Structure formats: C-alpha cells, structure tokens
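Here's the structure, in structure tokens; my notes come after.
The values are calculated or read from the model by the stated rules, or taken from the named source; none is laboratory data. Quick caveat: nothing in here was measured; it's all calculated off a predicted structure. Note that each Cβ is placed from the backbone with ideal geometry, even for glycine, and that neighbours are counted across all protein chains shown. Note: accessible area is taken over every heavy atom of the protein model, side chains too, but ligands, DNA and RNA are not part of it. Shrake-Rupley method; radii C 1.70, N 1.55, O 1.52, S 1.80 Å.
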2 protein chains.
Amino acid sequence: MKTVSILGSTGSIGVQTLDVLASQPEIFRAGWLTTNARIDLLEQQVQRFQPFGVAIADENSYHEFKHSTSFKGKILCGVEGVCEAASDRRADVLMSSLVGFSGVLPTFAAIEQGITVALANKETLVSAGAVITNAAKAHNVRLLAVDSEHSAILQCMVGETPDEVEKLIITASGGPFRECSTEMLSTVTPAQALKHPNWAMGNKITIDSATLMNKGFEVVEAYWLFGIGLERIEVVVHPQSIIHSMVQFVDGSVKAQMGLPDMKIPIAYALNFPHRMSLDASLVPRLNLTELPQLTFCAPDVERFPCLRLAYEAIQQSGTAPAILNAANEIAVHAFLQGQLRFTDIPRLIEHCLQQLPHKAEPTLADIVAIDNEARMLAKTYSKAMKS
Amino acid sequence: MKTVSILGSTGSIGVQTLDVLASQPEIFRAGWLTTNARIDLLEQQVQRFQPFGVAIADENSYHEFKHSTSFKGKILCGVEGVCEAASDRRADVLMSSLVGFSGVLPTFAAIEQGITVALANKETLVSAGAVITNAAKAHNVRLLAVDSEHSAILQCMVGETPDEVEKLIITASGGPFRECSTEMLSTVTPAQALKHPNWAMGNKITIDSATLMNKGFEVVEAYWLFGIGLERIEVVVHPQSIIHSMVQFVDGSVKAQMGLPDMKIPIAYALNFPHRMSLDASLVPRLNLTELPQLTFCAPDVERFPCLRLAYEAIQQSGTAPAILNAANEIAVHAFLQGQLRFTDIPRLIEHCLQQLPHKAEPTLADIVAIDNEARMLAKTYSKAMKS
C-alpha cells in the first residue's frame with residue numbers, strides 16, 4: 001500500500017489524483033486532503049476516501065466544515081494546518097497541487113520530512129527553485145514533476161545518461177490566442193482566455209497558458225529539475241498538444257513522449273515512478289495515431305507574448321527575480337480575471353515590478369516570502385494605477 | 001578502444017559504419033571488413049582503416065583483389081572466409097550488414113563466439129529467428145538492431161520495464177507508391193521503385209520498402225528482438241519518416257524516437273549501447289522542428305500491399321514459413337529488378353511458394369538452409385512460368 005497526501009485535493013489535479021487512487025484501491029490509500037474553501041467537494045472526498053485528516057486553509061470554511069461534517073479524522077486550519085498535513089511522514093508521496101505561491105511552504109515542509117514530492121505546483125520551483133532543490137538534495141528527496149511537459153522529459157530521460165542530453169524541447173500549445181495580433185490581444189476577455197484549446201485546467205494556469213507565462217514557468221522548472229542550462233532549453237509551439245515534450249541527445253536522436261492531453265498519465269507516473277501503473281482505456285483513452293490531426297511545430301513569438309521573454313530574463317537574473325515574476329503574475333492574472341486589467345497589461349505589470357523591486361542574489365526562504373509580499377503590494381498598487 | 005568488424009563494409013550500412021568509426025578514431029578501430037565483389041571500394045577502405053583482414057565472398061573478385069592489392073593483412077575467400085572473419089573474437093562488436101539470407105551463417109558464427117552483434121541484416125531474424133535468438137541466449141550475446149525502427153523501439157525501452165509495454169508501433173514511410181492504385185502498381189518500373197522518398201539505401205531494401213515487405217520483415221524482427229506477441233505489434237504509415245517508431249505503455253503513454261532519416265544514429269547507438277556517442281551536427285544534421293513538414297499518420301493498406309499481410313501470416317505460421325517468405329522474396333525482387341517480373345507479381349510469387357512448400361515446425365539451421373534453397377529453386381521456376 002502507498003499512502004498519498006494531496007495538497008489541493010479539490011482542484012483539477014487533486015480530483016484527478018483521487019481518480020487515479022480510486023482506480024487501484026489495493027495499491028493506494030489517501031493520507032491527508034487539503035482545500036482552500038471548497039468544503040462541499042471535500043466532504044464528498046472524505047466520505048469516499050477516508051483520509052487520515054483534512055486541512056482547510058480558509059478560516060471561515062474551516063469552521064463551517066467542522067460544524068457540519070460527520071468526518072471523524074483530524075481537521076486542521078490555515079496555512080499551519082496545511083503545512084502540518086504536508087509533513088505527516090506516514091505519506092509515501094505528497095501530491096503538491098496547490099495554486100501559486102501558497103504551495104511553497106507546505107512543499108518545503110514535506111521535503112524537510114523526507115517525503116517524496118509529486119510537484120504539480122510549478123510556482124514552488126519558480127519562486128524558490130534554489131531553496132527547494134537544495135532542501136531536496138539535503139533530505140534526499142526526489143521531486144517528480146506532474147506537468148505533462150516535465151513528466152514527458154522525465155519519461156524520455158529514464159535509462160539515459162544525463163551527460164548525453166543535448167537539449168530539452170518543451171512543447172507549448174500556444175494557447176487560445178496563438179494566431180491573434182497584439183491589437184486583438186489587448187481586447188480579449190477573461191471568458192475567451194479561459195477557453196484552452198486542448199487542456200481542461202484550473203483558471204490560474206489556463207490564463208498563464210494564454211499569456212505563455214505558463215511556458216516560461218516550465219522553462220524555469222526544467223532548469224531546476226533537470227539541471228540543464230537555460231541555453232539548452234527550447235520552447236516549440238505544437239498546437240495539437242500530442243507531443244508533450246522532447247529530449248535531444250548528443251547523437252542527434254530525439255525522444256518524445258506523446259498521448260492525448262490527459263493529466264492522469266503524469267499523475268500516475270509520478271505516484272509510481274519509476275514504474276508505470278496499468279490505466280484502463282476507459283480511464284485514460286488511448287492515442288489513435290490514424291485519427292490524429294496533422295502534427296505541426298513553429299517557434300513561439302515573444303513579441304506578442306512577452307511573458308515568455310520575462311521568464312527567461314528572470315531566471316537568468318536569478319536570486320529573487322523569479323519570485324517577483326511569479327508574485328506579480330499572480331496579481332496580474334487575478335486582476336485580469338476580475339476585469340481590472342487588459343490581457344496585454346499582464347506582462348507590463350510584471351515587467352514594472354521586476355524593474356522596480358530590489359534583487360537579492362542568494363535569498364533564503366524568508367527572503368523569498370518577504371519579496372513575494374512586497375511584489376504583491378507593488379503589483380496591486382501599480383495595477384490600480386494602470387487601470388485609472 | 002572498441003574493435004568493430006563489418007560484414008558488408010562496401011554496402012550502404014557498411015560505409016556509414018566506417019564513417020561513424022572514422023569520426024572517433026580514439027574510440028574505434030576496424031577489425032575485419034568483408035565484401036561480395038566491390039573490391040575497388042574495399043581497397044580504399046583497407047588503405048584508410050587498416051583492418052586485421054578482409055574476406056571477399058565472390059571467388060573471382062577475391063583473386064583479382066589478392067593480385068592487385070598492397071594490403072598486408074589476411075585476405076580470405078568465399079562464405080567460409082566471411083564466416084571466419086565474423087568469428088574473430090578480437091572484435092567487440094560485429095556489424096552484420098550483408099544483404100539477404102547470406103547474413104545468416106556468418107551472424108550465427110559470430111554469436112557462437114560470444115561476439116555482440118549489431119544486426120542490420122533483418123533477413124537473418126526473418127529466416128532463422130528462433131535459431132538465432134536461442135543461440136544468442138545460450139551464448140549470452142546481445143543482438144542490437146540497426147534498423148531505424150528497432151533502434152527507435154530500443155531507445156524508447158531503455159529504463160522501462162518490458163512487462164509495462166502495451167504495444168509496439170512501427171512506422172512505415174509507405175514507400176514511393178503509397179498513393180498508387182493496384183492498376184498503377186502493376187506498371188511501375190524498377191527505376192521508379194528505386195526512388196525512395198526519404199531514405200537512401202541499397203537496392204534490395206529499397207524494393208522491399210516499396211512493396212512493404214520491409215515493414216513485414218520488421219514486424220517479424222520486432223517479434224524476435226523484443227519478445228512481444230504479433231497482436232501487439234502495429235504498423236502505422238507515417239510518410240515523413242521523422243518518427244522512427246514508438247512504444248505504447250500500459251498507462252497509455254507513448255514514447256517515440258525521432259530524427260532526420262539518417263542511419264548513422266542507429267549505427268552509432270548499436271555500437272555504443274547503452275551509451276550514446278557525440279555525433280557532430282556536420283555528420284548527423286539535427287532535427288529542426290520548426291522547419292518540418294506536418295507529421296501525418298494513416299493505416300497501411302494490405303490490399304494494395306499484400307507483402308505485409310504475407311509476412312504477418314508467415315510469422316503466425318512460424319517454423320520454416322518465414323524462411324520461405326524471405327527466399328521467395330529475394331528471388332522475386334531480383335527478377336523485378338531484372339525486368340522479369342511485374343511489381344504486383346512479387347507478392348503473388350511469394351504466396352505461391354508459401355502455399356506449395358512443406359512446412360516444418362521447429363527447424364534447425366540446416367533445415368533452414370535447405371528450405372531456403374528449395375524455395376529459391378521453386379521461386380525461380382515459377383517466376384519463369386509467370387513471365388511466359
């Protein structure tokens with residue numbers, strides 16, 4: 001039996017993780033489940049999966065849940081509760097699938113306890129890449145990416161020698177606005193941006209996909225996970241999202257991982273690494289090559305989608321720059337979804353914060369938490385200024 | 001230093017193998033070189049690579065070479081000479097790249113000496129799959145396929161658990177006549193058939209590609225190399241020849257190996273397995289995804305290309321059937337190239353031989369040599385009858 005705790009069990013990745021667990025109840029059991037405020041769904045999940053306990057980040061939701069539920073396990077509250085849930089060493093794997101910077105502290109807490117981390121929260125490595133990867137090394141913890149792209153790279157790397165990698169090729173769908181002019185981009189609505197052509201995901205990551213910031217984050221994540229220099233990480237637009245990423249080796253050979261867009265494959269791969277679990281075709285429909293559209297590739301356009309350029313620049317600058325990038329992006333995306341910013345203002349807001357805030361070369365986790373706060377405040381202020 | 005002997009050093013694979021050896025002279029040295037009759041090229045090769053010795057299968061060519069050369073190494077003659085060259089245990093790897101059934105005996109000889117075999121001659125496994133793979137097991141010899149397809153599968157399998165493979169997907173370019181009707185196929189000329197859209201190869205394999213017999217052979221080869229049931233080996237037409245083959249796993253994930261069509265990648269991979277050698281971009285041009293044509297896939301048409309069906313049927317029947325398939329095909333291809341048979345007569349001739357000749361369930365190597373002879377005689381006779 002393998003015990004899996006899930007940070008963000010009511011989100012898109014959390015729900016699909018529970019689907020994978022449910023498909024093989026003789027192998028998996030749920031450890032802790034956490035949510036921010038979606039206590040109705042959490043109630044259903046505790047009934048079905050009988051976890052050790054739950055943690056609810058939002059205090060009002062915590063009190064509401066506590067009074068209404070018949071759940072007999074532990075019920076914890078707030079960030080501290082989520083960190084406590086993440087740190088329970090009875091878990092063999094922690095699925096870290098919170099949204100945004102909120103994933104950093106509980107993921108760090110799990111690493112300190114030596115728990116294997118399946119990392120679906122890419123903001124953790126974007127904001128605190130050095131701190132997190134150093135902690136993982138120190139505690140001998142394997143970080144297994146749950147992005148389809150990094151899972152693809154990991155699948156292409158098994159059995160290979162890291163020294164024999166020439167470059168990583170991360171594919172990008174290009175998002176819903178791949179063919180829009182900058183003028184058109186300035187008028188797109190949140191509803192349009194939330195319609196991803198290939199993947200059904202949470203709101204935050206869907207907007208990040210539309211701006212290509214998500215791809216920028218993935219470059220940063222690949223940099224930390226695979227220890228490959230930025231100049232050897234390439235982004236290629238592949239609108240059909242069938243090839244999830246590739247690795248090119250020193251002999252010119254390229255390996256790719258393919259499949260219909262379905263996060264259950266990378267989720268199950270991370271939970272069972274280095275083995276694969278049998279996933280029934282009813283749960284994970286198989287790729288039928290002869291029914292595929294033609295597969296195409298083109299270069300990304302960093303003029304129309306400056307977020308990708310900003311991400312490359314931030315990781316080149318390193319230190320606190322990626323944390324600023326991430327914090328400003330979270331505020332910008334939120335403001336865009338609230339109708340308070342134009343789509344094309346998102347990179348402008350981020351660039352402003354990167355330029356205005358001081359950089360620190362080798363930040364501690366406390367430094368990162370501080371700069372994250374500072375960047376959020378500046379981003380909120382500047383966001384209001386941009387609107388008026 | 002790694003010593004590599006090459007059976008068929010003057011053929012397409014042999015020449016490219018020497019290119020790979022020449023690119024890293026500090027790693028590789030040539031053991032034995034063999035040719036059938038191309039002694040001019042052999043002369044250049046011995047000057048440049050200074051092998052232990054050479055073997056020349058054709059007796060007249062042997063005498064001619066022996067009298068004209070200044071080469072001081074051993075010079076052997078005939079099939080016996082080729083087998084002696086193949087058996088020299090000073091070689092770390094034998095590149096088995098003869099054409100057709102002629103590869104069987106020397107490859108077997110090398111296996112009996114415990115020499116690792118890089119197998120470019122697929123007819124060896126088609127004709128004598130059980131005998132060869134049993135001998136390899138008994139002598140603890142690794143057979144490393146040099147086809148682009150089987151190399152692709154091997155590259156996708158490293159680091160994976162064989163039990164977790166769901167199916168192998170072998171890609172086929174579809175050959176130059178992919179879109180021709182059966183009527184058009186009956187009139188194609190050898191010159192048209194020798195123009196392969198993607199690969200520059202020897203004549204025999206180029207015709208086999210045009211009939212899809214080559215793909216049938218590859219199914220048989222995959223069956224023996226990877227121990228996967230026929231029902232789990234699928235052929236998909238992929239006209240661009242960029243994806244060289246794929247492996248689908250039990251979790252629905254598909255891994256593919258890609259690259260420009262270039263045999264130096266699988267040659268170098270087999271010579272260095274499980275490591276990859278650095279091949280300069282001047283020797284092996286890199287895949288540029290953004291300059292690729294769109295990648296497409298479709299099902300093969302066994303009505304228009306019955307050779308693929310015949311190969312599946314022969315391996316299902318097993319025993320001596322695949323040896324008959326191969327022998328009849330060699331005669332049919334030769335007759336087609338001589339203008340003595342129509343393109344559409346190739347599968348008819350093969351089917352006739354498969355129907356007429358007796359089958360034996362568990363043939364020895366001697367049985368296979370005998371049925372190969374018998375099938376050739378029948379094929380020649382029937383070929384003349386078809387023509388008249």
Worksheet entry | DSSP bridge pairs, chain A: antiparallel proportion in percent, nearest 5 | 25
Discussion item. With every atom except the alpha carbons ignored, what do you get for Rg and Dmax of chain B, in angstroms?
Written reply: 20.2, 63
Item to complete: Ignoring ligands, DNA and RNA and using a 1.4 Å probe, state the total buried accessible area between B and A in Å², rounded to the nearest 100.
Response: 3600
Item to complete: Kindly point out which whole DSSP H helices in chain B project their C-alpha atoms 20 angstrom or further along the helix axis while averaging a Kyte-Doolittle hydropathy of 0.0 or above.
Response: B:122-138, B:321-337, B:365-387
Fill in: Percent carbon-and-sulfur accessible area, segment A:2-145, ignoring ligands, DNA and RNA, probe 1.4 Å
48
Fill in: Of A:ILE368, A:GLN356, A:SER383, farthest towards positive along the dipole that unit charges on Lys, Arg, Asp, Glu beta carbons give segment A:318-387
A:SER383
Worksheet, complete the sentence: Diffusion coefficient in µm²/s returned for segment A:241-388 by Stokes-Einstein, Kirkwood Rh over C-alpha pairs, 20 °C and 1.002 mPa s, is 115
Worksheet item: Just how far, in whole angstrom, is segment B:42-65 from segment A:341-388 if you go by their alpha carbon centroids?
Response: 73
Discussion item. Under the rule that an exposed site lies in a DSSP loop and has at most 12 other Cβ atoms within 10 Å, name the longest stretch of chain A with no GluC sites (Glu not before Pro) of that kind, not counting the sites themselves.
Written reply: A:27-178
Fill in: Among B:ALA222, B:ALA361, B:ALA135: highest mean-square fluctuation, GNM of chain B, C-alpha pairs under 10 Å
B:ALA361
Worksheet item: Using a Gaussian network model of chain B with C-alpha springs under 10 Å, which one of B:THR182, B:THR171, B:THR34 is most mobile by mean-square fluctuation?
Response: B:THR182
Discussion item. Taking 8 Å as the Cα distance limit and 6 or more residues as the minimum spacing, I'd like the relative contact order of segment B:37-134 as a percentage.
Written reply: 21
Item to complete: Given the options A:ASN140, A:ASN36, A:ASN329, state which has the largest fluctuation in a GNM of chain A using a 10 Å cut-off (strictly under) for Cα springs.
Response: A:ASN140
Discussion item. Just want to confirm a number: the relative contact order over segment A:171-286, from Cα pairs under 8 angstrom separated by 6+ residues, in percent.
Written reply: 25
Fill in: Size of segment B:150-291 as Cα extents on the principal axes (Å, biggest first)
47, 41, 29
Worksheet entry | Per residue, in Å², the accessible surface of segment B:74-141 once ligands and nucleic acids are set aside, probe 1.4 Å | 35
Discussion item. Counting only other chains, and only Cβ atoms inside 10 Å, what mean value do you get across the residues of B:285-297?
Written reply: 6
Worksheet item: How many partner chain Cβ atoms sit within 10 Å of a residue's Cβ in peptide B:166-173, on average, as a whole number?
Response: 1
Worksheet, complete the sentence: Sparse-neighbourhood loop hits (trypsin sites (Lys or Arg not before Pro), segment B:1-83; DSSP loop; Cβ within 10 Å at most 10 others) -> B:LYS72
Worksheet item: How high is the relative contact order of chain B, in percent, counting Cα pairs under 8 Å that sit 6 or more residues apart?
Response: 14
Worksheet entry | Nearest-10 value in Å² for the accessible area of A:VAL99, using the 1.4 Å probe | 100
Worksheet entry | When each of B:LYS122/B:LYS195; A:LYS167/B:LYS215; A:LYS72/A:LYS204; A:LYS137/A:LYS204 is checked by Cα-Cα distance, pairs over 23 Å | A:LYS167/B:LYS215; A:LYS72/A:LYS204; A:LYS137/A:LYS204
Worksheet, complete the sentence: Of the accessible area of segment A:197-272, computed with a 1.4 Å probe and all protein chains kept, carbon and sulfur make up a percent value of 52
